[in-house]
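I'd like to ask some things about the structure below.
Rule-based calculations on the coordinates, nothing more; no lab input. These figures come from a predicted structure and were not determined experimentally. Note that each Cβ is placed from the backbone with ideal geometry, even for glycine, and that neighbours are counted across all protein chains shown.
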Amino acid sequence: MLFAVSGLMGCAVEASDGEVGVVKDFLFDDQTWKIRWMAVEAGHWLPGRRRVFIHPSAIAPLALPPKSNIPMMSSPATLKLNVNLTRDEIGAGPHATKTSR
């Protein structure tokens, strides 16, 4: 299924061992337009509430109810993305640190 990733903004992200946070952005390759990373605002489980990056290969297929709306037309609160990683693996992976100005 092909749909706009903007419909996933604000969706909850769940690791194999608990909640991770919410989708904040997607990073694309500027030549091929392939998604390279999903940016997730980590919840309170990760010190500093930093933004973590999850590779698309770790995202589990999106489970949609049989008679659901098209994902881009659904409320992000009704969708959840599962990832095939633990919170420790996500926390040890690439992230953006917040800098003070």
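Under a 5 Å amide H to amide H cut-off, with H placed in plane at 1.01 Å, what residues pair with Cys11 once short-range neighbours are removed?
Val23
Could you work out how much longer the chain between Lys80 and Phe53 gets when fully extended? Use 0.36 nm per residue separation minus the Cα distance between them, nm to one decimal.
Working: separation 27, 0.36 × 27 = 9.72 nm, distance 1.66 nm.
Extra length available between Lys80 and Phe53 comes to 8.1 nm.
Within 9 Å, Cβ to Cβ, of Lys24, how many net charges do the neighbouring residues add up to if Lys/Arg are +1 and Asp/Glu are -1? Mind showing how you got there, number by number?
Details: positive: Arg51; negative: Asp25, Glu41.
Once all neighbours under 9 Å are counted, the net charge is -1.
How far apart, in nm, are two points set 7 Å out from the Cα along the Cα-to-Cβ line at Ile35 and at Asp17?
The answer from the label model is 2.5 nm.
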